[in-house]
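Trainee: One structure, as structure tokens, below. Some questions next.
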Amino acid sequence: MTEQADPAVQAVLDAANAGDLDAFLAGFTPDGVVDDWGREFHGSARIAGWSDAEFIGVQVSLRVTEVSERDGQVVVTAQVGGNGFNGPSHFAFRVEGDKVSRMTIRA
């Protein structure tokens with residue numbers, strides 16, 4: 001377990017908690033993907049639509065409880081709050097350079 005996430009991952013988490021969609025999207029590579037329980041959203045426009053309906057648009061809050069690295073990914077366990085899903089969740093991030101290329105969400 002580590003205490004702080006990779007800077008690219010931390011930037012995405014901070015943007016989500018701040019409700020800053022532009023900063024959230026800027027944290028992804030141009031061909032970035034969000035995999036939300038098997039539903040995949042490719043690229044900024046699709047990620048923005050998903051986020052507006054299910055993430056930042058519902059005032060998500062992410063209280064990180066654990067950060068680890070597994071199989072080349074940064075895995076963040078967080079208590080999710082807001083006006084959508086509430087409860088514990090795992091976020092697995094693939095990082096390319098200084099951006100997130102994939103964020104996978106599972107319980």
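Please treat every number below as a calculation from the coordinates, not as lab data. Quick caveat: nothing in here was measured; it's all calculated off a predicted structure. Cβ: placed from backbone, ideal geometry, glycine included. Neighbour counts: every protein chain shown.
Trainee: Condition first: surrounded by 14 or more Cβ atoms within 10 Å (Cβ to Cβ), under 13 Å from Ile105 (Cα atoms) and in contact (Cβ under 8 Å) with a residue 60 or more places away in the chain. Now tell me which residues in segment 14-54 satisfy that.
Mentor: Across segment 14-54, the qualifying residues are Val33, Val34, Asp35, Asp36.
Trainee: Just checking, which of Val76, Val9, Val67 is in contact with a Phe, Trp or Tyr (Cβ under 9 Å, 6 or more places away or on another chain) and in a strand (DSSP E or B)?
Mentor: Within the list Val76, Val9, Val67, the selection yields Val76.
Trainee: Can you give me the number of residues within segment 56-72 that are surrounded by 18 or more Cβ atoms within 10 Å (Cβ to Cβ) and either more than 20 Å from Ala18 (Cα to Cα) or in contact with a strand residue (DSSP E or B) (Cβ under 8 Å, 6 or more places away or on another chain) (or both)?
Mentor: 3
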